[in-house]
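Take a look at the structure below.
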Amino acid sequence: MTIKAVIFDWAGTTIDYGSRAPIVAFQKAFANVGIQISEAEIRQDMGLDKYTHIHKIMDLPAVQNDWQARFQVLPTEDDCNQIFSNFKAILLSSLTEFGQLKPGMSAVIDYLTAHNISYGTTTGYDAEMLALVLPIAAKQGYRPAVNITSEQTGGVGRPAPAMLALAAE
């Protein structure tokens, strides 16, 4: 069997060692409304599209308890939208700081290129977020043939295989 293509993730896999950009943005967005969340809580659903990820964090019992103690009500859809908007602004303002390829990626790219193996990506980033990291990665020689977001699969992100299937097409 010959490998014809490889599909990578972005944050934490090819760039941004440790997925620091989204971790920091999630923590700041929740801290802005007085809710502290741990890195472990965030990492439980890392890889989802960021809007769905906000909802998953809001559904955590500890977050719901803290929210109710602080605001005397459970979080609403409007609260999720506000946190997502804040999260996205924080992330967009910092993404360029986290665009370095991870150690070893240049060698992987060289190998794939030398062996005529195509490569693409799927990501929990949306198109606007991805647009910021693409040129930074390209300057480092990383130019995926396709870049799939959950927006392209009707909002279906990981762990479902829809983005991978679309990238493989």
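Here, each number is a calculation from the coordinates, and none is a lab measurement. Only a predicted model underlies this, so the values are computations on that prediction, with no experimental measurement involved. Glycine gets a Cβ as well: all are built from the backbone with ideal geometry, and neighbour counts include every protein chain shown.
Set the Cα radius of gyration of the stretch 117-169 against 2.2 N^0.38 Å, with N its number of residues, and you get 1.12. Considering only Leu48, Ile35, Leu91, and ranking their Cα positions along the charge dipole of the stretch 24-103 that arises from unit charges at the beta-carbon of Lys, Arg, Asp and Glu, the one farthest toward the positive end is Leu91.
Think of the chain as a dipole: +1 on every Lys or Arg Cβ, -1 on every Asp or Glu Cβ, centred on the Cα centre; then among Ala5, Val63, Phe26, Ala5 lies furthest on the positive end.
Could you tell me the calculated FRET efficiency between Gln152 and Ser38, based on Cβ-Cβ distance and R0 = 30 angstrom, to the nearest 0.05?
Details: r = 31 Å, r/R0 = 1.04.
With R0 = 30 Å, the Cβ-Cβ based efficiency is 0.45.
A simple spin-label model places the labels of Ala62 and Met1 4.0 nm from each other, with each point 7 Å out along Cα-to-Cβ.
With charges set only on the Cβ (+1 for Lys and Arg, -1 for Asp and Glu), what does the dipole of the stretch 26-79 come to about its Cα centre, in debye to the nearest 20?
Numbers: 5 positive and 9 negative charges, 34 e Å.
Dipole about the Cα centre, nearest 20: 160 debye.
Contact order, relative form, for the chain: 30 percent (alpha carbon pairs under 8 Å, 6 or more residues apart, mean separation divided by residue count). Does a label point 7 Å from the Cα of Lys28, set along Cα-to-beta-carbon, have any residues of the stretch 127-154 with amide nitrogen under 17 Å, and which are they? 129-130, 132-133, by backbone N distance to the label point. Between the stretch 1-32 and the stretch 137-169, the C-alpha centres lie 13 angstrom from each other. What does the net charge come to around Ile117 if you take all other residues with beta carbon closer than 12 Å to its beta carbon, with K and R at +1 and D and E at -1? Local charge sum for Ile117: 0.
Just round it to a whole percent: the fraction of Cα-Cα distances in the stretch 40-142 exceeding 17 Å. Display every interim value, and only then the final one.
On the way: 3347 of 5253 pairs.
Everything past 17 Å amounts to 64 percent.
The alpha-carbon of Lys50 sits under 20 angstrom from the alpha-carbons of these aspartates and glutamates, leaving out residues fewer than 8 places away in its chain: Asp9, Asp16, Glu39, Glu41, Asp59, Glu77, Asp78, Asp79, Glu97, Asp126, Glu128, Glu151.
Give Lys4/Lys139; Lys56/Lys139; Lys4/Lys28; Lys4/Lys88 a once-over and call out the pairs whose C-alpha atoms are over 31 Å from each other. Write down the numbers at each step before the final one.
Values: Lys4/Lys139 24 Å; Lys56/Lys139 35 Å; Lys4/Lys28 41 Å; Lys4/Lys88 35 Å.
In this structure, Lys56/Lys139; Lys4/Lys28; Lys4/Lys88 lie more than 31 Å apart at Cα.
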